[in-house]
Every structure is written in structure tokens, then in C-alpha cells.
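The numbers here are math on the coordinates, done by the rules we state, and not lab data. Since the model is a prediction, treat every value here as computed from it, not as a measurement. Positions of Cβ are generated from backbone atoms using ideal geometry, with glycine treated the same way; all protein chains shown enter the neighbour counts.
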Amino acid sequence: MSKDDGGPYKSSNGKGKAKKDTKIKIKGKNNGKNGKNGKKRNNGWPVKVFILTFVIACAFSFFSEVTIRRIDDLILAVFILLFIVSIGVVFDIIGIAVASASEVPFVSMASKKVRGAREAIRLIRNADQVSSFCNDVVGDICGIISGAAGSVLIMKIAWTNSVSLEESLLSIIISSLIAAITVAGKALGKSFAITNSNKVVYYTAYFLSLFNRDERLSGKKSSQSNAFMKAREN
């Protein structure tokens with residue numbers, strides 16, 4: 001009796017254990033595959049970041065050096081410097097918004113073929129790379145370039161003798177002002193990006209969709225179909 005009772009109990013446990021082990025093995029196999037894909041993806045990203053940073057830094061440095069050095073008007077040079085700082089603040093807002101936005105509303109928008117919805121989903125699904133590019137690459141470049149542009153501006157002010165201050169004191173004041181404006185702008189931008197993350201992502205994605213050929217073609221087709229439907233109704 002004990003053998004008959006014990007036999008099925010043991011075999012059922014054995015089967016359950018075997019099934020459980022099989023599931024664990026399959027799960028482990030999938031995790032290993034995903035881990036390899038994640039490693040490949042992460043290994044290629046730093047190289048892309050290096051190349052992008054070098055190219056963008058060269059372009060920004062050339063723009064700031066050429067424009068600020070050749071401009072005689074100090075007010076225009078200050079506006080160019082503020083423009084470089086504002087680029088860093090705007091990209092910081094985009095990076096934070098993409099990292100904190102929800103994908104759910106954009107999925108429903110994409111099903112209705114709303115322009116920019118597919119780009120928004122791509123941005124959110126690649127939030128780590130987008131935020132790294134916006135916050136680290138563009139943000140840090142703008143911070144470094146704005147400091148270099150500030151030093152050029154200090155030299156121009158010193159050469160023109162438009163301000164009766166020592167060059168060292170002038171350098172401290174302008175560098176501190178650049179740092180204060182950058183930090184204050186990013187502090188305001190972070191709270192705005194978190195509270196309005198979906199709006200920021202949508203407008204960014206809509207802007208990117210203007211350069212997407214597939215979106216332009218789909219937009220033309222949808223407008224043509226709407227016009228055709230209106231004509232049929234009339």
C-alpha cells in the first residue's frame with residue numbers, strides 16, 4: 001500500500017520537477033541570448049558616441065570661434081553665447097523627457113496614424129541612447145564650447161577696453177555668469193521635462209518626422225484619401 005501510494009507521488013513530483021527544470025533551462029537560454037545582444041549593443045554605442053562627440057564638438061567649436069572672433073558687436077557675440085547655452089538646455093530637456101515619458105499614449109496614436117507617433121515610440125524604446133546623446137554628448141559639448149566662447153568674449157572686451165575691469169576679474173565674472181545661466185536653465189528645464197514629458201517627446205518626434213520620407217509619403221496619402229472621401233460625400 002505504501003509502495004503503491006508512494007509510487008505515483010514520487011513520479012508526479014519527478015515530472016513536476018522535470019518540467020520546472022526545463023522551464024528554467026529555456027529561460028536561462030533566452031536570457032543568455034538577450035544578454036549577448038545587449039552586450040553587442042552596448043559595445044557599439046561608445047564608439048558611436050566618441051565619433052558623434054568629436055564631429056559635433058568640432059562643428060560647434062568652429063562656429064563659436066569664427067563667429068565670435070569676427071563679430072565686432074559685443075551684444076551680438078553675447079547673444080551667440082546665450083544661443084549655445086540654450087542648445088544645451090533644450091537637449092537636456094529632451095533627454096530627461098524621453099527617459100520619463102510613457103509609451104502607452106503613443107501606441108494608440110500610432111494605431112490612428114498620427115504623425116510623429118512612430119518616432120516617439122522609437123525615442124522612448126531607445127531612451128538610454130537618446131538621453132545619453134542629449135544629456136551627455138550635446139549637453140557637455142555645449143557646456144565646454146560656451147566656456148571657450150566666453151574666454152573669446154573676455155579677450156574681445158579686454159582688447160576693446162569697453163569695460164573698466166581687470167582681465168582676471170572680468171574672466172571670473174563672465175565664467176560665473178555662464179555657469180549660473182547654464183545650471184539655472186537646466187534646473188528649470190528638468191522640472192518642465194518631467195511634468196510635460198509626453199508633450200516634449202511628441203513635439204520632438206513630430207519635428208523628426210518632417211525629415212522622415214516614409215512619414216511624408218504617408219501624410220500625402222492620408223490627405224489625398226481624406227480629400228477623396230470628402231469629394232465622394234459631396
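Below, the figures for the structure above:
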{"quantity": "Highest-first arrangement of 115-121, 134-140, 152-158, where packing means the average Cβ count within 10 Å", "calculated": "115-121, 134-140, 152-158"}
{"quantity": "Environment charge of Ile145, counting only residues whose C-beta is closer than 14 Å and scoring Lys/Arg +1, Asp/Glu -1", "calculated": "-1"}
{"quantity": "Highest-first arrangement of 82-95, 188-201, 65-78, where packing means the average Cβ count within 10 Å", "calculated": "82-95, 188-201, 65-78"}
{"quantity": "Tensor-based shape of the range 174-214 (alpha-carbon gyration tensor, a/c under 1.5 rounded, otherwise prolate or oblate)", "calculated": "oblate"}
